[in-house]
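Contents: one structure, followed by commentary.
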Amino acid sequence: MLCPKCGYYSDREESVCPECGNILQPPSGIPKEGPQAIRQGKRARDAVRMRQERPAAQETAGRRSHTGARRGVQKMPTVKDTRRTAELDEESPETAEDYGIERRRRTFYDENADESTAMRYLSSHEGPAPHRMVNWMKVSIVVAVVMAILAGGAWVFLKKTDAGQRVLARMGRDANSVAYWAVGDEKLDSGDVDGAIECYMIAREKDAKAEVPFVDVDGLLTLASALEAADRMDEAAELYRQIYEETPSRTEAYVNHIRILQNSGSEEDLVTAGELMKKAYQQTGEKTFLTQRNDLLPAPPQVKPDAGNYDAKKTIVFSSYQGYDVYFTYNNEDAKLPEEGILATKEGHQLDEGVWNIRAVAVNGKLVSDELRATYKIIMPSPMTPRATLAPNTYKTRQTVKLKPGLDDERDSSIVIYYTIDGSIPNSDSPVFNGDPIALPNGWVTLKAYAVNRYNKLSNMLEINYKIEAKPWPNSVFDSEDTVDSLKIFKTTQQEFTAAYGAGTAAGSVTVEGFEKECRRFDYPWGYAIMTLEKKNWVLVEVSFSSGAMAGPRGTKIGDTEEYVVGRFKDMGQVESKSGNRGLYSTDKGSGKIWLQENNEKIIRYRYGVDSSWVQLEYLVSASGTVKNITLKYIP
C-alpha cells in the first residue's frame, strides 16, 4: 500500500498510513474483489500492475482518481510506526536496503504530493534491486585493460606525434631532432640561451647520426646566433665557417662571420674579413660582398703608361690615389705580394724588349688591395742588314769598300754599323764604320758587318768574301813552329831546360790557369820557368823573360817596336775599335789581337790550337811602343 501523502509503501494492506497517519483509500477504477479487496495495500499493488498492463488508460484514470482523493484527504497527525524498527531487525540486509529505497520513495511522494507523479515513479521502480557480490577479478581485468589502453595511447602520443616528441625533449628524454630544434626555439624565446644551445647541440648531433645524415642550415644559423648571444664568438665564427663551407650558396653564414671579424677590432681579422668577402662574392655572386670589400681594402694601384704593345723601351710608374705604398713584380706568378714584391719608386722602372706581366698591389698596414695586372709587350724593330758598295769578286788590285744601312734604314740616323775584316764576328769591340772607305788587304778577305739601331737591336750579319790577288802576300799566322830559343812548350823536360839555362831558384808550388796538377816555379835573373808533372816527367808549361838572354819567335826580342813585331805575323790591316783594341786576324786554328791596357801599355797576343788546348804568345809593349817582356805558355 502506498501513502499518497508521505510516499510510505507497505506490502500489507493498511487503512491508515503507519508513517504519517493519513487515511489510505484505494485508487479509483480498481475493482474490489471480496472482503480482502478493501485493504488498500493490495489495491495499490493491483493499481501498479494494471498501470503496467494498460499504461495509457490507467494513467488517465489514475490522474482522475488521484485528483479526487486529494480533494477528500484530511490531514492527520503523524504517528510514529514503532513496528518498523522491529520488522527491520528481523529482516535480512536486503530488506534493510529496501527500506532505504522505500524511504526515498516516500520522501519523493511527500514532496510531490501528486498521485499521478507518484504512480509514474512507481511504474519505473517495481521493487528493490537484488544485492549481488562484487567480482573483483573482473574489476581487476577491466582496470588492467583500461591501463594498458591508456599506456598504449600515451606511448603512441609520445613516440608518434610531434607534440609528444616535444614533451620528451622538454624532459631531456630521447626525442627526434625536430623536437629538440623546436624546444630550443622555445627556450631561446623565453631567454634561456644556455638551455637553447644545449637543445640545438643535441638536435645537430642527432641530424649527423641519422641513417641519412642531414644538415639543418636554418637550425645551425639559429645555434650560431645563440652562441653569439652567449658571447661564445669563437664557436659562433667556427660554426658559420662550417655552414658556408658545406653550403656555399647560403649568404647568411658569410654575412655573420664577416660581421664577427669586423667587430673584433683586430687588423688580422680585418684582413681575413676581406678575403672572406672575396670568397663570398665568388661563391654566391652577390655584388654586395664585392662592394663591402672595396670599402674595406685599399683601392688597386694605377700604372702609367697603360699596358699594351710598344716598339721601344718603356718606363712604368705606379701610383695609389690614396697615398699607399705599391709593391709589384713582373714575370713571376709565384711571387707573394707584397712580401716578395718590389717597392715602387716615383722615378719608375724601365722595361726592355720582351713580354712583361706586371702584378702590383697597394698596401695599408696589413690590408692589401686586389692585384693590378698589366701586360706590356715590347717588340723593338730590328734594322735591316747593312749593304756593301763592293760586290764579292776576285780583284787584281787593292780595293776599298764602304758600308751603308739597309734600304728601310737609310734615313735612320741612329743606325751604327760594326764591321771586321780580320775574320772575327763583329761585336761592340769591333771597329765602327764612320764613312771612310775600308782598305782591304791582299789575299782572301772576309768582310762581316752588323747594323744596330737606337733600340740596340742587331740586324742580320752581312758577310762577303773577296780575293785580292796583289802583292805582297800577307805573313803566316802564329803556329807550333814558332818557339822561344828552340823550347817546345809542354814537351821540353825540366832536365833539358836545366841543361840549357841552369837549375834556377825554386819558388815552390804555384797555381796556373787551367792546371789541376801540381806546378812548380823556378826563378832566373832574366825571368822564370814553370814546370808540371806529365807522364812521370816534369815538362815546361810557361816561360817568361825580360832581357836579351832569350829570343822570341821569328827573330823578335826585347826592345822591338810594336810595328816590327806585328809585321812578323799575319795582319789584315783592321783599324782600332773605340776601346783602342785592334784585331790582327782570326781563323779556326788561332787568332791575333792587340789589347790596350789601362796604363797605355799594350799586349800583342797570338794563339794557336793544340787539340783542345792553346799555346799562347804574348808581347808586353810599353807605353813608349817597345817590347819589354815576352811570355810563351800552355793553356789547357
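The values are calculated or read from the model by the stated rules, or taken from the named source; none is laboratory data. The model shown is predicted, which means the values in this text are computed figures rather than measured ones. Cβ placement follows ideal geometry from the backbone for every residue including glycine, while neighbour counts extend to all protein chains displayed.
Here is a check on your reading of the model: is SER459 outside the structural domain of ASP311 (by TED's automatic domain parsing) and either more than 27 Å from TYR564 (Cβ to Cβ) or surrounded by 13 or more Cβ atoms within 10 Å (Cβ to Cβ) (or both)?
Values: outside the structural domain of ASP311 (by TED's automatic domain parsing): yes; either more than 27 Å from TYR564 (Cβ to Cβ) or surrounded by 13 or more Cβ atoms within 10 Å (Cβ to Cβ) (or both): yes.
So SER459 passes the test.
Tell me the residue from ALA154, ALA163 that is at pLDDT 85 or above and within 60 Å of the chain's Cα centre (by Cα), please.
Exactly one residue qualifies, and that residue is ALA163.
Which count do you get for residues in segment 251-308 that are in contact with a helix residue (DSSP H, G or I) (Cβ under 6 Å, 6 or more places away or on another chain), of a type outside the set (D, E, K, R) and in a helix (DSSP H, G or I)?
21
To keep it simple, each residue is scored yes or no on (1) crowded, with 16+ Cβ neighbours inside 10 Å; (2) out of contact with any strand residue (DSSP E or B) (no Cβ under 9 Å at 6 or more places or on another chain).
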| position | (1), (2) |
| --- | --- |
| TYR244 | yes, yes |
| VAL255 | yes, yes |
| ILE258 | yes, yes |
| SER266 | no, yes |
| LEU270 | yes, no |
| GLY274 | yes, no |
| LYS287 | no, yes |
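Does segment 309-341 hold any residues that are closer than 22 Å to LYS377 by Cβ, charged (D, E, K, R) and either touching a residue at least 12 places away in the same chain (Cβ under 8 Å) or in a strand (DSSP E or B) (or both), and which are they?
Across segment 309-341, the qualifying residues are ASP311, LYS313, LYS314, GLU333.
May I ask you to list the residues in segment 218-247 that are part of a helix (DSSP H, G or I) and among the polar types (S, T, N, Q)? Quick ask: steps written out before the conclusion?
So in segment 218-247, the residues part of a helix (DSSP H, G or I) come out as 218-229, 233-246.
Of everything in segment 218-247, those that are part of a helix (DSSP H, G or I) and among the polar types (S, T, N, Q) turn out to be THR222, SER225, GLN242.
Scan segment 498-507 and give yes if some residue there is surrounded by 18 or more Cβ atoms within 10 Å (Cβ to Cβ), farther than 30 Å from THR385 by Cα and in contact (Cβ under 8 Å) with a residue 60 or more places away in the chain, otherwise no.
Checked segment 498-507: no residue is surrounded by 18 or more Cβ atoms within 10 Å (Cβ to Cβ), farther than 30 Å from THR385 by Cα and in contact (Cβ under 8 Å) with a residue 60 or more places away in the chain.
Which number in (1) surrounded by fewer than 16 Cβ atoms within 10 Å (Cβ to Cβ); (2) modelled with pLDDT of 95 or more; (3) under 30 Å from GLY502 (Cα atoms) marks the one condition that GLY548 misses?
Result: GLY548 fails condition (2) only.
Could you check segment 289-313 and list, in sequence order, the residues that are polar (S, T, N, Q) and over 17 Å from TYR240 (Cβ atoms)? Steps first, answer last, please.
First, pick out the residues of segment 289-313 that are polar (S, T, N, Q): 291-292, 294, 302, 309.
THR291, ASN294, GLN302, ASN309, listed by residue number.
For segment 416-499, which strands (runs of 3 or more DSSP E) that fit wholly inside it have 2 or more residues that are under 60 Å from the mean Cα position of the chain (by Cα) and of a type in the set (Ser, Thr, Tyr)?
Values: elements: 416-420, 443-452, 462-468.
The qualifying strands (runs of 3 or more DSSP E) are 416-420.
Given (1) without any contact (Cβ under 8 Å) to a residue 60 or more places away in the chain; (2) of a type outside the set (S, T, N, Q); (3) assigned to a strand (DSSP E or B); (4) closer than 30 Å to ILE425 by Cβ, where does MET531 come up short, assuming only one miss?
(4)
So, in segment 154-166, how many residues would count as being surrounded by fewer than 17 Cβ atoms within 10 Å (Cβ to Cβ) and free of Cβ contacts under 8 Å to residues at least 12 places away in the same chain? Give the derivation first.
So the first thing to find is which residues in segment 154-166 are surrounded by fewer than 17 Cβ atoms within 10 Å (Cβ to Cβ), and the list is 154-157, 159-163.
Now drop any that are not free of Cβ contacts under 8 Å to residues at least 12 places away in the same chain, which leaves 154-157, 159-161, 163.
The qualifying residues number 8.
Mind listing just one residue for me: the one in segment 265-296 that is of a type in the set (A, V, I, L, M, F, W, C) and over 10 Å from TYR254 (Cα atoms) and, of those, farthest from the chain's Cα centre (by Cα)?
Keep residues of segment 265-296 that are of a type in the set (A, V, I, L, M, F, W, C), which gives 270-271, 273, 276-277, 280, 289-290, 296.
Pick out the ones that are also over 10 Å from TYR254 (Cα atoms) and you get 270-271, 290, 296.
Values: LEU270: 17, VAL271: 14, LEU290: 17, LEU296: 20 Å.
Among them, the one singled out is LEU296.
Where residues in segment 326-335 are in contact with a strand residue (DSSP E or B) (Cβ under 9 Å, 6 or more places away or on another chain) and modelled with pLDDT under 95, which of them is surrounded by the most Cβ atoms within 10 Å (Cβ to Cβ)?
First, pick out the residues of segment 326-335 that are in contact with a strand residue (DSSP E or B) (Cβ under 9 Å, 6 or more places away or on another chain): 326-333, 335.
Pick out the ones that are also modelled with pLDDT under 95 and you get 330-333, 335.
Working: TYR330: 20, ASN331: 11, ASN332: 12, GLU333: 7, ALA335: 16.
The qualifying residue surrounded by the most Cβ atoms within 10 Å (Cβ to Cβ) is TYR330.
Quickly run through segment 551-562 and pick out the residues that are touching a residue at least 24 places away in the same chain (Cβ under 8 Å) and surrounded by fewer than 14 Cβ atoms within 10 Å (Cβ to Cβ).
Filtering segment 551-562 for residues touching a residue at least 24 places away in the same chain (Cβ under 8 Å) gives 551-554, 556-562.
Selection gives GLY559, THR561.
Collect the residues in segment 182-217 that are outside any helix (DSSP H, G or I), among the small types (Gly, Ala, Ser) and closer than 18 Å to GLU246 by Cα, keeping them in residue-number order. Break it down into steps so the answer makes sense when it comes.
As a first pass, look at segment 182-217 and keep what is outside any helix (DSSP H, G or I): 190-192, 209-216.
Next, from what is left, pick out any that are among the small types (Gly, Ala, Ser): 190-191, 210.
Answer for segment 182-217, where residues must be outside any helix (DSSP H, G or I), among the small types (Gly, Ala, Ser) and closer than 18 Å to GLU246 by Cα: just ALA210.
Please name all residue pairs, on different chains or six or more residues apart, with Cβ atoms under 6 Å, provided the first residue is in segment 601-629 and is within 16 Å of GLY527 (Cβ to Cβ) and outside the structural domain of TRP526 (by TED's automatic domain parsing) and the second residue is surrounded by 18 or more Cβ atoms within 10 Å (Cβ to Cβ) and among the charged types (D, E, K, R).
Listed pairs, sorted by first residue: none to list.
If you scan segment 167-181, which residues turn out to be surrounded by fewer than 20 Cβ atoms within 10 Å (Cβ to Cβ) and either in a helix (DSSP H, G or I) or free of Cβ contacts under 8 Å to residues at least 12 places away in the same chain (or both)? Reasoning before the result, please.
Start the filter on segment 167-181 by keeping residues that are surrounded by fewer than 20 Cβ atoms within 10 Å (Cβ to Cβ), which leaves 167-168, 170-174, 176, 178.
Of everything in segment 167-181, those that are surrounded by fewer than 20 Cβ atoms within 10 Å (Cβ to Cβ) and either in a helix (DSSP H, G or I) or free of Cβ contacts under 8 Å to residues at least 12 places away in the same chain (or both) turn out to be VAL167, LEU168, ARG170, MET171, GLY172, ARG173, ASP174, VAL178.
Rundown of residues vs (1) within 23 Å of GLY172 (Cβ to Cβ); (2) among the hydroxyl-bearing types (Ser, Thr, Tyr), yes/no style:
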{"site": "ALA203", "(1), (2)": "yes, no"}
{"site": "ALA210", "(1), (2)": "yes, no"}
{"site": "GLY219", "(1), (2)": "yes, no"}
{"site": "MET233", "(1), (2)": "no, no"}
{"site": "ALA253", "(1), (2)": "no, no"}
{"site": "HIS257", "(1), (2)": "no, no"}
{"site": "SER264", "(1), (2)": "no, yes"}
{"site": "ASP269", "(1), (2)": "no, no"}
{"site": "LYS278", "(1), (2)": "no, no"}
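Looking only at segment 584-600, filter to residues that are in a loop (DSSP other than H, G, I, E, B) and touching a residue at least 24 places away in the same chain (Cβ under 8 Å); which one of those is nearest to VAL416 (Cα to Cα)? Step through it out loud before you land on a result.
First, pick out the residues of segment 584-600 that are in a loop (DSSP other than H, G, I, E, B): 587-589, 597-600.
Then drop every residue that is not touching a residue at least 24 places away in the same chain (Cβ under 8 Å), which leaves 587, 589, 599.
Details: THR587: 26, LYS589: 30, ASN599: 29 Å.
Filtering segment 584-600 for residues that are in a loop (DSSP other than H, G, I, E, B) and touching a residue at least 24 places away in the same chain (Cβ under 8 Å), the one nearest to VAL416 (Cα to Cα) comes out as THR587.
Which residues, taken from segment 547-583, are assigned to a loop (DSSP other than H, G, I, E, B) and of a type in the set (S, T, N, Q)?
Result: SER547, THR556, GLN574, SER577, SER579, ASN581.
Might you let me know whether segment 360-381 holds any residue that is buried (at least 17 other Cβ atoms within 10 Å of the Cβ), among the charged types (D, E, K, R) and in a strand (DSSP E or B)?
no
Starting from segment 274-285, keep only residues that are on the phi < 0 side of the Ramachandran plot, then list their pairs with residues that are surrounded by 20 or more Cβ atoms within 10 Å (Cβ to Cβ) and in a loop (DSSP other than H, G, I, E, B) whose Cβ atoms are within a distance under 7 Å, requiring at least 6 positions of separation or different chains.
Taking only residues 6 or more apart or on different chains, the pairs are GLY274/LEU297.
Residues of segment 577-619 being surrounded by fewer than 16 Cβ atoms within 10 Å (Cβ to Cβ) and touching a Phe, Trp or Tyr at 6+ places or on another chain (Cβ under 7 Å), which ones?
LYS589, SER613
Look at PHE478 and say whether it is touching a strand residue (DSSP E or B) at 6+ places or on another chain (Cβ under 9 Å), free of Cβ contacts under 8 Å to residues at least 60 places away in the same chain and crowded, with 17+ Cβ neighbours inside 10 Å. Don't jump to the end; show me each part of the working.
Working: touching a strand residue (DSSP E or B) at 6+ places or on another chain (Cβ under 9 Å): yes; free of Cβ contacts under 8 Å to residues at least 60 places away in the same chain: no; crowded, with 17+ Cβ neighbours inside 10 Å: yes.
Answer is no for this residue.
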